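All remarks here apply to the structure that follows.
The values are calculated or read from the model by the stated rules, or taken from the named source; none is laboratory data. Predicted, not measured: the structure shown is a model, and the values here were computed from it. Don't worry about glycine lacking a Cβ; one is built from the backbone with ideal geometry, like all the others, and counts go over all protein chains shown.
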2 protein chains.
Amino acid sequence: MLEKLTKRQNEVLREIKKFIKKEGISPSVRDLAGRLGKTPSTIHKLLRTLQDKGHIKLRDNISRGIVLTEKLSAAVMVPIIGRIPAGQPVFSEELYEGYIEVDSSLVPRGELFALRINGDSMVGANILDGDTAIIRKQEIAESGDIVAALVDGEATLKRFKLQKKKAYLCPENDNYEPIELTPDSTQVDILGKLVAVVRKY
Amino acid sequence: MLEKLTKRQNEVLREIKKFIKKEGISPSVRDLAGRLGKTPSTIHKLLRTLQDKGHIKLRDNISRGIVLTEKLSAAVMVPIIGRIPAGQPVFSEELYEGYIEVDSSLVPRGELFALRINGDSMVGANILDGDTAIIRKQEIAESGDIVAALVDGEATLKRFKLQKKKAYLCPENDNYEPIELTPDSTQVDILGKLVAVVRKY
DNA sequence: CTCCGTTACGAACATTTGTTCACAAAAATA
DNA sequence: TATTTTTGTGAACAAATGTTCGTAACGGAG
């Protein structure tokens, strides 16, 4: 991944990033040539090697066709899922209430979605009403994981526990009762595992 | 701000966004013309009106010179401040440990910075060790606010309280003692107010 | 109905821009 | 030192691209 660069190559790469940040579009070969005091052909060759080393992607014969391999932005767009209807397709785009951007260092790879926390059933785990939970989609969970589950057509957060060969979904609040998971429970679906929480004050 | 668009204009704008998302660079007039089954001149005029209405910015005579006014990304880069030395300049770039991107809907306008929570002094407010706190820089606070303060050269989170004309910085944990703020306390500095919390599991 | 903004075409023009080629100096490497 | 890689030039070509102009159909507002 990402071969090392020479001084000049780095200079060009930095200039590309600077240009995009400032202008909002990619630079042309001549833009770079002008800024770095070089000729188009020199820059052109440098861009090729930058591409060979994996730092940029060049669209052949297309103006301003430089695309950065590593995004300038380190954020991930996570769709926020609103109410979930009784039907089957839980993850259709139509259900998206919008997107929240989350720093990529906060979340693992995989399919992600976000849920708005409704109620105080998880205060024991320091998750509050109004928080936004980032979930990684997965059907299986380990004991102790906090998971998002579809219970009676509503998406909620619960702690998943295995005890005496029985599986439970436990709220972290003494005012609520755990739900036992039977092998044939059609009313309950595990949607994913909690990977991050975001709270706004 | 942002005048209303006709059906066609919206179509063009959506196509621009789609293109940028997919290709990483702005579309040319002819790219759009091809996708929408129109001629370059038609698209060209539509782009002008889109510019007039404030949705895009056109770089004259520059290839792929379409720049979106509203960023596709709704994230804000917030610098994470690491250890704070005894010296004065608390907010110099040298102290930045990195950046975290936060959805713009989560934070207000103003200067922001982030602190990594160290210890359990705020568990009572459901803020845990390892959480990242997003702070808006400000010197004054209202009673009840959770603030970031520089206490003995260390940045910590505390709840600010006014009682009987005295000011306190209170941990939300019975194992810790409140700190009284005297008018001439040089050891204590309020850095800002808590606006969001991010937790990684 | 008339006026006007919008949408539309097609052709032509002027720039911008990617790309190539031959050649060479400078720097790193063996 | 010999060899390879990197960096560099200048000119020229071909393609991509923004832009303009004249013309016209369509639909809503008055």
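Computed values, structure above
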item	result
Residue, farthest from the other protein chains (Cβ to nearest Cβ), within segment A:61-71, restricted to residues that are out of contact with any Gly (no Cβ under 8 Å at 6 or more places or on another chain) and more than 11 Å from DNA strand C (Cβ to nearest atom)	A:Glu70
Which listed residue, of B:Ile179, B:Ile146, is of a type in the set (Val, Ile, Thr) and farther than 20 Å from A:Val197 by Cβ	B:Ile179
Enumerated strands (runs of 3 or more DSSP E) restricted to segment A:98-201, each holding at least 1 residues that are buried (at least 20 other Cβ atoms within 10 Å of the Cβ)	A:112-116, A:132-137, A:146-151, A:154-163, A:166-170, A:188-200
Top-ranked residue in segment A:1-17 [being within 21 Å of A:Lys71 (Cβ to Cβ) and part of a loop (DSSP other than H, G, I, E, B); ranked as nearest to DNA strand C (Cβ to nearest atom)]	A:Lys4
Index of the failed condition, B:Ile190 passing every other in (1) within 14 Å of chain A (Cβ to nearest Cβ); (2) at negative phi	(1)
So B:Leu58, is it more than 14 Å from chain A (Cβ to nearest Cβ) and either within 12 Å of DNA strand C (Cβ to nearest atom) or modelled with pLDDT of 90 or more (or both)	no
Subset of segment A:18-39 (residues that are exposed (fewer than 15 other Cβ atoms within 10 Å of the Cβ) and either under 21 Å from B:Gly65 (Cα atoms) or touching a strand residue (DSSP E or B) at 6+ places or on another chain (Cβ under 9 Å) (or both))	A:Lys18, A:Lys21, A:Lys22, A:Arg30, A:Gly34
Filtered residues of segment B:63-76 (kept if surrounded by 15 or more Cβ atoms within 10 Å (Cβ to Cβ) and either modelled with pLDDT under 85 or over 27 Å from B:Ala196 (Cβ atoms) (or both))	B:Ser63, B:Arg64, B:Gly65, B:Ile66, B:Val67, B:Ser73, B:Ala74, B:Ala75, B:Val76
Yes/no for B:Glu15 being in contact with a helix residue (DSSP H, G or I) (Cβ under 6 Å, 6 or more places away or on another chain) and not assigned by TED's automatic domain parsing to the domain that holds B:Leu150	yes
Subset of segment B:23-42 (residues that are closer than 12 Å to B:Leu13 by Cβ and near DNA strand C (Cβ under 8 Å from one of its atoms))	B:Leu36
Pair list, Cβ under 9 Å, 6 or more apart: segment B:30-59 residue under 15 Å from B:Lys17 (Cα atoms) and among the polar types (S, T, N, Q), other residue within 9 Å of DNA strand C (Cβ to nearest atom) and assigned to a loop (DSSP other than H, G, I, E, B)	none
Per-region count, segment B:17-49, residues among the β-branched types (Val, Ile, Thr), within 11 Å of DNA strand D (Cβ to nearest atom) and within 14 Å of chain A (Cβ to nearest Cβ)	2
